[in-house]
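The values are calculated or read from the model by the stated rules, or taken from the named source; none is laboratory data. The model shown is predicted, which means the values in this text are computed figures rather than measured ones. No Cβ is skipped: glycine too gets one built from the backbone with ideal geometry, and neighbour counts run over all protein chains shown.
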Amino acid sequence: MPIFSSRMLLYTLFSFCFFNLSSAASFHRNPSLEKRFDNAPFTFYNVGTGTCGKTNVASDFVVALNVAQYGSGQDCFRTINISYGGKSTQAQIVDEELGLDLSIGLFEFFAPLSDGLLIGILYNNFSDLPSRAYDFVIIGGGTAGSVVANRLTENPESSVLIIEAGGTNIDAFQLDVPFFASIFKSQYDWNFTTTVQQGLNNHSTFLPRGFVLGGSSSVNGMVYTRGSADDYDRWATVTKDDGWSWDNLQPFIAKNEKWELPADRHNTTGQFNPSVHSLTGVNAVSLSGFSESIDPMIFEAVDELGGIFNFNQDYNSGNPLGFGWLQLTISTEGRRSSSATSYLAPKYIERKNLDVLLHARASRVLPSVSKSSLSGYAFRTVEFAQDLDGPLLQVNALKEVILSAGVIGSPHILLNSGIGDSDELSEIGIKSLVNLPSVGKNLTDQPAVTNVFLVNSNKTTDDLLRNATLLNKVYTEFNKTGMGPLVVTGGNQISFFRASESLTHKFGDPSSGRNSPHLEMLPANGFYGIPPPAGHFLTLETTVVSPASRGSLTINSTNPFANPLIDPGYLTSPFDIAAMREVIRITFQYLSAPIWDGYLLSQFGDFANITATSPDNVLDEYIRNNAGSSGHPVGTAAMSAKDADYGVVDPDLRVKRVEGLRMIDSSVFPFVTSAHTQAPTYVIAERAAALVQAAWV
């Protein structure tokens, strides 16, 4: 099964084999204080005696501060005031002398700090909000929504409210530690399941989406790939807006990316091209910060084989073809850098013109009469609930509602609001307000298959996930130093390939251009997910990154909180199944390099019955039984040219035929990029924020 299906058991592992943080750090949970603060988004702790030689008795709890900023010694147990929801209390500073060992429970275990307090004010209750009207209401505090909120509140005169369906990312160590990425079917995931997929031998599959502040950037595999220059130039062509071209998006790429040293501070000369990266953005990007045992073998095979297995110094240059060192949204401190930890870092979220309401699930956007829109409607009221059985609440946007609920959530909200295919809406009893038949159509995801080999080595990641003592040891190292095997996800390289010309000649070419890949191979030094009780593994995940298959998102209920019907249409195009066949055969070709002799023992699981010469029908059966989502769905509210009679949003991302409503997230991709979709979503959000700012100067 692909990575997004097989790591779902990791959360269970934590529950029985992890450490007791409170006793290890001398912190003790203070539930009475938490209750007093009405479930505020803090975790409060009492603290025992520290190295300052006194016991904390004057304050109720401890708040971790940036010890580098506040120094040590003289600041020991300095008292500060904390306010929340009109209530206040005192706290004491934990300083460096008291020890990072002692403050792991707050300083290390929560989000990394840049300056000041660990956390700004996040509202859990609608009744606590200081206003019922904001200039901009953003539905979704995910990958894109957090960016837009950050940029719009750069203007102190603009007020912004984020409505986030999930909870806070703070106090969630499994989101913070890179090795624990992709913890699916947890409380931080929407836990969507597709409809039965004809192309997957009539079974459904899990589709991961983040249900937490930061959205999918808080739960994804952190791979940072922009795609090809051709991908964006195709966007510019289809929208008739050159602002979406590769060259014109470079300033927005730079605004997002903050290139950092890897966690182990190793010499990165030759592993990337500094000229195509930015040091001045917001979201941390780095090379892998821990060397895996297979790293030298990966590139030795590249040297031995040549041809399509060429070395690419930097796949983010606009030409991604070949093998390169993996770039990840991980900070120098070895932590995940999500939109929540970067764009909603304390220094931003504490802005007086930014409010964030958690546990608020949007149901609809509500209309008002507009004489200037084509439909006669403006949408500047958001309806939502904080309890699915509770009352429906409303908040108003004075300027715009920005829909950033993601590729599933955004079209779902439009359809519930009567914006979509009028015939389909009428059939289920929803009054059609705006006929936009493209809503929910064009759903595109990249199908993936994990191919597993048993290897003659014990230097893999497998023992970390079946040996609690070892896991606790490396976690202690991680907390003390920000280094070790937990600062990576198990693989340090990535490779992209074009499909053969015979394939594109036969089925057509769904890619955006000659420098755009169709195929990806991602190696990992171990088993994806919880490994079997014995054995050590090499996994090669294969993905069709330029698929031809298309699916849809629809609804069959008037209940706005009922899950939509998600049909990605995996492997329904003849090109896609043939392309997956081809990339699996490329895997065998790659592993025929002499460097792998004696290292590979056998294939594993369903893959054990597959060979390089397996006939197409045998390989197709293996693929259809084992393929699933790569976690990169896009396109359900695609942008198109302003004069187009299809699409959902114009090139400025305003919803067609209405006023007051814009969409900014991965749903607006007209075509999927030949890449993991995190970086392109950030780029869309940066440019979109600039478009919104310009519209309200």
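Taking (1) in contact (Cβ under 8 Å) with a residue 60 or more places away in the chain; (2) closer than 30 Å to Val487 by Cβ; (3) touching a Gly at 6+ places or on another chain (Cβ under 6 Å) in turn, Asn310 satisfies each apart from (1). Checking every residue in region 608-621 against the condition of being small (Gly, Ala, Ser), within 30 Å of Phe669 (Cβ to Cβ) and in contact with a Ser or Thr (Cβ under 9 Å, 6 or more places away or on another chain) gives zero matches. When the residues of region 609-649 are filtered to those that are among the β-branched types (Val, Ile, Thr) and assigned to a helix (DSSP H, G or I), the one that is surrounded by the most Cβ atoms within 10 Å (Cβ to Cβ) is Ile623. Would you confirm whether any residue within region 151-163 is at pLDDT 90 or above, over 30 Å from Phe527 (Cα atoms), in a helix (DSSP H, G or I) and among the small types (Gly, Ala, Ser)? Taking every residue of region 151-163 in turn, none turns out to be at pLDDT 90 or above, over 30 Å from Phe527 (Cα atoms), in a helix (DSSP H, G or I) and among the small types (Gly, Ala, Ser). Filtering Val658, Val683, Val672, Val668 for residues that are over 30 Å from Ile330 (Cα atoms) and either out of contact with any Asp or Glu (no Cβ under 7 Å at 6 or more places or on another chain) or surrounded by fewer than 22 Cβ atoms within 10 Å (Cβ to Cβ) (or both) leaves a single hit, Val658. Give the residue that is modelled with the highest pLDDT, with candidates limited to residues of region 183-204 that are hydroxyl-bearing (Ser, Thr, Tyr) and buried (at least 23 other Cβ atoms within 10 Å of the Cβ). For region 183-204, the residue satisfying everything is Thr194. When restricted to residues that are assigned to a helix (DSSP H, G or I) and more than 15 Å from the chain's Cα centre (by Cα), region 650-697 contains 11. Here the condition is being out of contact with any Cys (no Cβ under 7 Å at 6 or more places or on another chain), free of Cβ contacts under 8 Å to residues at least 12 places away in the same chain and among the aliphatic types (A, V, I, L, M); of Ala690, Ala644, Ala579, it holds for Ala644 alone. Whether any residue in region 213-232 is among the aromatic types (Phe, Trp, Tyr) and out of contact with any helix residue (DSSP H, G or I) (no Cβ under 6 Å at 6 or more places or on another chain) is what I want to check. Taking every residue of region 213-232 in turn, none turns out to be among the aromatic types (Phe, Trp, Tyr) and out of contact with any helix residue (DSSP H, G or I) (no Cβ under 6 Å at 6 or more places or on another chain). Restricting attention to region 196-208, the residues that are assigned to a loop (DSSP other than H, G, I, E, B) and over 19 Å from Ile577 (Cβ atoms) total 1. The listed residues are Pro547, Pro560, Pro531, Pro523, and the only one of them that is crowded, with 22+ Cβ neighbours inside 10 Å, touching a strand residue (DSSP E or B) at 6+ places or on another chain (Cβ under 9 Å) and assigned to a loop (DSSP other than H, G, I, E, B) turns out to be Pro547. When region 336-359 is filtered for residues that are crowded, with 24+ Cβ neighbours inside 10 Å and in contact with a helix residue (DSSP H, G or I) (Cβ under 7 Å, 6 or more places away or on another chain), the ones remaining, listed by number, are Arg336, Ser338, Ser339, Ala340, Tyr343, Leu344, Val356. How about region 232-267: which of its residues are farther than 30 Å from Val648 by Cα and either aromatic (Phe, Trp, Tyr) or in contact (Cβ under 8 Å) with a residue 24 or more places away in the chain (or both)? Correct list: Lys258, Trp259, Glu260, Leu261, Pro262, Ala263, Asp264, Arg265, His266.
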